[in-house]
Amino acid sequence: MCYDIKATIETQLKRAQRKGDAQAVDEIMETLIPLTHLPIYHSSGFSRPELLIYTDRSPDFPEVAKWGLVPHWVRKKADMKKQWNNTLNARGETIFKLNSFRKAANESRCLIYIDGLYEHHNFEKQTYPFYIFNKDHSPIILAGLFNEWINPETMGKLLTFSIVTTTGN
DNA sequence: CCAGACGTTGTT
DNA sequence: GTCTGG
DNA sequence: CCAGACGTTGTT
DNA sequence: GTCTGG
């Protein structure tokens, strides 16, 4: 499960810095970062934050995307709103079967660089958030699926993504 | 056949 | 206790 | 998923 | 677009 994350600009840019050139990073800072909610210190997916993802069609130069995948078959804006809180996560075991994820699982995969994530644990009827991160503070790199949805009213493109989860190990 | 959904999480 | 909003 | 609300009346 | 439930 993964519904609450921390993502700083530095961490989100790590891949572009390593794989791209310095000019590309400057361009990202100027043109893409202002379109996002970065830096994100603790956001729930349900607040539908926008951040950078590294897609398989552009693996080293990130794209701005909104958390909560809108499937390709959604036609109306109202249907989109019904759908989007249910696709923050995608169970890896079933992504090739389900209508909402199958096409993206086959064709549109991405990576999401984050600092850490928050898991809630229950103890004596109370809930406590635990922050999970790498010991050396290196990025946690999550597997994701994405889709580019065309809003029929405005013809605007909306890039959205879902985080792939699996059973604990 | 048509209408309506299409998804995730947890379990002291 | 249960529903809504984020 | 968790956090926080959960309700009513009238109207310059 | 495709699957499920009635």
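Read-outs: derived from the displayed coordinates by stated rules, not from any lab. Note that the structure is predicted; figures quoted are calculated from it, not measured. All Cβ positions, even for glycine, are placed from backbone atoms using ideal geometry, and neighbour counts span all protein chains on display.
Tabulated results
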read-out: Within-12-Å neighbourhood charge of A:A105 [Cβ basis; K, R +1; D, E -1]; value: +2
read-out: Shape of the stretch A:111-169, Cα gyration tensor, a/c cut at 1.5; value: prolate
read-out: Sequence-separation-based contact order of the stretch A:4-156, relative, with Cα cut under 8 Å and 6+ spacing, percent; value: 26 percent
read-out: Paramagnetic reach from A:K76 (point 7 Å along Cα→Cβ, amide N under 20 Å) across the stretch A:95-109; value: A:100
read-out: Choice from A:K82, A:K125, A:K97 showing the highest fluctuation, given a GNM over chain A with Cα pairs closer than 10 Å; value: A:K125
read-out: Projected area averaged over orientations for the stretch A:38-106, convex hull of C-alpha atoms, nm²; value: 5.5 nm²
read-out: Two-site FRET efficiency, A:R57 against A:M155, from Cβ-Cβ distance with R₀ of 25 Å, rounded to 0.05; value: 0.75
read-out: Calculated diffusion of chain A, Stokes-Einstein form, Kirkwood radius summed over Cα pairs, 25 °C and 0.890 mPa s, µm²/s; value: 148 µm²/s
read-out: Candidates A:S58, A:S44, A:S100: whichever shows maximal mean-square fluctuation once chain A is modelled as a Gaussian network with Cα springs under 10 Å; value: A:S58
read-out: Sum of side-chain charges, A:Y41 neighbourhood, beta-carbon under 13 Å (Lys, Arg +1; Asp, Glu -1); value: -2
read-out: FRET efficiency, 1/(1 + (r/R0)^6) with R0 22 Å, evaluated for A:N85 and A:E119 via beta carbons; value: 0.70
